[in-house]
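Comments concern the structure below.
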Amino acid sequence: MTPTPPKAVCLAGPTASGKTALALAFAREQPLEIISVDSVLIYRGMDIGTAKPSLIERATVPHHLIDILDPGETYSAARFVTDATRLIAEIKARGRLPLLVGGTMLYFKALREGLDAMPAADAEIRADIDRQAAERGWPALHAELAAIDPVTAARLAPADAQRIQRALEVWRISGQPLSWLQQRASAGNATLPNQSFPLVSLEPADRGWLHLRIGQRFDAMLAGGLVDEVRRLRSRNDLNTDLPSLRSVGYRQIWHSLERSDAAPPREAAIAATRQLAKRQLTWLRAMSQRVVVPCDAENALQQGLLALRKVALGS
């Protein structure tokens, strides 16, 4: 029996693992279009710190879900699933392979396995909410919640830290108010449909190799003008590090250093935060089912990655 090619193929990996290079190499032998699976590449004006594919690369291979929002806007896993599902159908209709590439593992999980009406806890988001509460106080976060979910805020005291934190966490993960998701769950519509797309995962055998790459890439970003990019964002006066766009690693650390008028960019802090991000990404990946692992630190990693992509693209 002839294998049935999948509707789409997923290529995931931690930051700095070589996803873009592998995707572009595969595009040279397979008619495809790339759907970005990245919660920061969606923002316009955030190019250097996101290692955004260049205009030349995007002209060579069609890319989607890049530069679709202003940094002041928010996005969600639920919206990603809607957008990606639509794009997959459109790309298939053009006779090309949809290749989903990125490192936002929640988006991959939501697309492949379905998205629970009540998202699981996210330690990074909770820590960020706690940081904001320490700076601004829980009543201020209660007021923020009232603006996005007045129904939930109305039944919570301004000092109810645990429940305020959970409601804000749910909003940041899903882009939906907690009260709406609770109503949806009670109506029996708990998940978005899952779709069984094969996943090729770039994972290092040696974590030190990835740490070295992360440091080298951040230094290249600094040399390429990352600090000036953050200065331009700060000059708008309508952005802050409470926004999802500017909570991202690198941007947040440089933003705060500019607030303090530090003489040098916070290189070590940004690299440490990026390493923690990579660790979380690998934890997500190892919990995903039926992934094909490619050791991205192998000497022939590109060849192994191409072989893996060819096989899953054929349905074998």
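Net charge of the neighbourhood of residue 58, taken over other residues with C-beta under 12 Å away and scored Lys/Arg +1, Asp/Glu -1, is -3. Quotient of the Cα radius of gyration of the range 123-186 and 2.2 N^0.38 Å, N being its number of residues: 1.03. Annotation: peptides 89-96, 106-113, ranked by per-residue average of other Cβ atoms within 10 Å with the highest first, follow the order 106-113, 89-96. Counting only DSSP beta bridges whose two residues both lie in the chain, roughly 5 percent are antiparallel. How many angstrom lie between the C-alpha centres of the range 89-142 and the range 200-219? If we compute the Cα centre of each part, the gap is 23 Å. With each label modelled as a point 7 angstrom along the Cα→C-beta vector, the residue 70-residue 242 pair spans 1.8 nm. Projected onto their three principal axes, the Cα atoms of the chain cover extents of 62, 55, 34 Å, largest first.
Using the rule -39500 (n - 2.57) for each DSSP H run of four or more residues, divided by the residues of the chain, the 222 nm mean residue ellipticity is -16000 deg cm²/dmol.
Charged neighbours of residue 287, selected by a Cβ distance under 14 Å, balance to +3 (K, R count +1; D, E count -1). Contact order for the chain, expressed relative to its length and based on alpha carbon pairs under 8 Å spaced 6+ residues apart, stands at 29 percent. FRET efficiency for the residue 155 to residue 300 pair, using the beta carbon distance and R₀ = 45 Å, is estimated at 0.20.
Since every read-out is calculated from the coordinates, none of them should be taken as a lab result. The structure displayed is predicted, hence computed values, not measured ones. Glycine also receives a Cβ, built like all others from the backbone with ideal geometry; neighbour counts cover every protein chain displayed.
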